[in-house]
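Data first, discussion second: the structure below is written as structure tokens.
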């Protein structure tokens, strides 16, 4: 069965600090990988996605993620965070038949101004 | 485009009562999902429809939860009777699904259910 593990449940950073959120998944086949973000008071929305090709994918608002197949990882990064990046971030995996998307537990990021 | 619509936004009920949630997906999206998100956890898939057929309901507690999508458009999720552990946010999502299963999900704002 698929599973997704996010390493940090809570992260606190100061503005301009660099961000890396870890995500590991367990699934042996071809996967589609996603990061979703939920800003305070808003619905979950797509941040970026990886299907195939270049393992370094870029998303909205300066975020990027790198797919490392050998490590079953899809870590999210941003070189310099802003106060407006305060949100909850979810890693998600879709693999195999049935189009089932599995989510990690989420990481709450708080950026201090 | 209009987003995924859900109602109500909030609901408070007593245990053993029943409750229903409604979802209208983005127009043209064939696949509709209901997720349960308990505080501090990620969304957990309850049921997935493609058009009006069920693709996956393996994690739906069928003794108390039911869902339908009769005309392949909007959907209703019902809980009867509710338990305290059903307190959660119920998220509806939709996606365009073609031959490839990599369509991202579009979420509604969710319904926050509190069972007392």
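Read the figures in this text as sums done on the coordinates, not as results from a lab. Here the structure is a predicted model, which is why all the values come from computation and not from measurement. Cβ coordinates were reconstructed from backbone atoms using ideal geometry, including for glycine residues, and neighbour counts include every protein chain displayed.
Would you mind telling me which residue in A:53, A:22, A:95 has the biggest mean-square fluctuation in a Gaussian network model of chain A, where springs connect alpha carbons within a distance under 10 angstrom? Of A:53, A:22, A:95, the most mobile in the Gaussian network model is A:53.
When chain B is treated as a GNM with alpha-carbon contacts under 10 Å, the residue of B:48, B:37, B:17 showing the greatest mean-square fluctuation is B:17. Mean sequence separation of contacting Cα pairs (under 8 Å, at least six apart), scaled by the length of chain B, corresponds to a relative contact order of 37 percent. Spatial offset of the stretch B:57-97 relative to the stretch A:62-113 amounts to 26 Å, using the alpha carbon center of each.
Using a Gaussian network model of chain A whose springs link C-alpha atoms within less than 10 Å, name the residue from A:17, A:92, A:65 with the highest mean-square fluctuation. Fluctuation is largest for A:17. Spin-label model, residue B:30 to residue A:5: label points 7 Å out along the Cα-to-beta-carbon direction sit 3.6 nm apart.
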